[in-house]
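Contents: one structure, followed by commentary.
Every number here is computed from the coordinates shown, using simple stated rules; none is lab data. Keep in mind the model is a prediction, meaning the values are calculated, not measured. Methodologically, a virtual Cβ is constructed for each residue, glycine included, from the backbone with ideal geometry; neighbour enumeration extends over all protein chains shown.
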Amino acid sequence: MVKLQPDKDLEKLVCVKDFAADASNKLSKNALEYFQSGADDEVTLRENSTAFQRWKIIPRVFRDVSKRKISSTVLGKEVSIPVGVSPMGFQRVASFEGEIDTAKAAAAAGSIFTLSTFATTSIEDVAKAIPNGRKWLQLFIFANKAIVESLIRRAEENGFEAIVITVDSQYVGKRRANARKPFKLPRHLKIANFDPPIGLPEGVVSNDFSNISHLHNDLDFRMTWDIVHWLKKATKLPIILKGILSPKDAELAVENCVAGIWISNHGGRALDHGISTIDMLPQIREKVGNKIEVYIDGGIHKGSDVFKALALGANMVFMGRPFIWGLASGSEAGAKKIFEIIEEELDSTMALAGVKCISAIKDVYVANTPTMRCNL
Ligand SMILES: Cc1cc2nc3c(=O)[nH]c(=O)nc-3n(C[C@H](O)[C@H](O)[C@H](O)COP(=O)(O)O)c2cc1C
């Protein structure tokens, strides 16, 4: 159990919704819009959460739930809680130490921290902050493969355990609030993994948000499944594909021998009107069987959401924005409290549903109420 330092302000915040409301008062309007927004009409952003509400738990009774255990195993190693941190850029906009705060919270919770390519903290600084904490590096694939290789080498040298390749964002979704008023990184911050600015044209400084657009323009638009073979030659680290939604692509991921797939729609920031992540999980798990680990993110804000995702076949879930709200409300302590809240909620959902360990969750019925489609 994550123990918090007593903090009066944080005591009043008892769920992720409270943190979101508190953060909206603490972040500037422009920053809040950057973190909160989804693409276009934000249909997918909303649907990620509402889809979870359609799935309902059918509890079991007469089971001994006096002692419960929420640890699990991911990529062959234990996690104390099967809830990790999704990669998100620019976390130092939300708190002074940004990614360091979230990484420390993840390490204290015995979980996994995923560092974004567009982080405001470098690979090396995260490694120094959590030398023994589990950490993965998220990569976008740039047309210039020397950039990708250099990031991979740095991840290997700094104890990162896996490379997460984001496959849903070669084209950037349009977030209208930021299209109306572009979000700029404050002058004191920089895109830390590009300093010195590998691949950036001369004269482009790495703390100007326009660089992100530039870097996105540098992404490899011709990327196909061949990239997996290239990556496997480039590193021995496990490769995880983040942004899979189609069962066919999940099957291709198995054929291409990646270590895991991460069901995601980029938190509704990429393709609007794309399907919610939880609705695709049962079919994807059915398609890949037990051949591969399956992770999921998008709209997971409560312990009951975690429970449903695990019941429908996920090995681990990840959360994005809830940790940003934690940072904005209370830096490292805020991010730790997000873990603490989710842990308590997951534990109580397990007790009430008649489950004493994570592997038993899949034996609980979870039904999609409009269709009464069920996982068992
Ligand atoms: C502010 C912000 C920045 C993000 N940056 C990245 C990124 O750099 N790389 C990436 O793969 N996903 C990125 N994502 C997507 C998240 O990894 C994750 O898929 C999404 O936030 C999950 O949805 P949730 O916020 O509802 O939990 C970002 C999301 C947000 C909200």
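To check you understand DSSP bridge types, tell me what percent of the beta bridges within segment 1-155 (both residues inside) are antiparallel, rounded to 5. List each step's numbers first, then the result.
Working: 3 of 8 bridges.
That works out to approximately 40 percent antiparallel.
With respect to the chain, whose longest principal axis is taken over its alpha-carbon atoms, helix 321-353 is tilted by about 20°. For E97, no residue whose modelled amide H falls within less than 5 Å of its own remains once neighbours fewer than 5 places apart on the same chain are excluded.
The label point for A143 and the one for E251, both projected 7 Å from the Cα toward the Cβ, are 3.4 nm apart. DSSP bridge analysis restricted to the chain gives an antiparallel fraction near 25%, rounded to the nearest 5.
What value, in deg cm²/dmol to 500, does the helix sum -39500 (n - 2.57) over DSSP H runs of n ≥ 4 give at 222 nm once divided by the residues of the chain? After summing the helix terms and dividing by the residues of the chain, the value is -12000 deg cm²/dmol. Stokes-Einstein diffusion of segment 277-360 at 10 °C, 1.306 mPa s viscosity, Kirkwood radius from Cα pairs, rounded to a whole number: 117 µm²/s.
From the alpha carbon centroid of segment 318-342 to that of segment 62-117 is 10 Å. Peptides 27-39, 218-230, 320-332 ranked from most to least packed by the mean count of surrounding Cβ atoms within 10 Å: 320-332, 27-39, 218-230. Peptide packing: for 144-153, 53-62, 114-123, the average count of neighbouring Cβ atoms within 10 Å per residue gives the ranking 114-123, 144-153, 53-62, highest mean first. Relative to the longest principal axis of the Cα atoms of the chain, helix 277-288 runs at roughly 80 degrees.
Report note on the peptides 247-260, 353-366: ranked by the mean count of other C-beta atoms within 10 Å, highest first, their order is 353-366, 247-260. The angle between the Cα long axis of helix 16-26 and the longest principal axis of the Cα atoms of the chain comes to about 30 degrees, rounded to the nearest 10. Where the alpha-carbon atoms of segment 8-374 are placed on the principal axes, they occupy 68, 51, 41 Å, in descending order.
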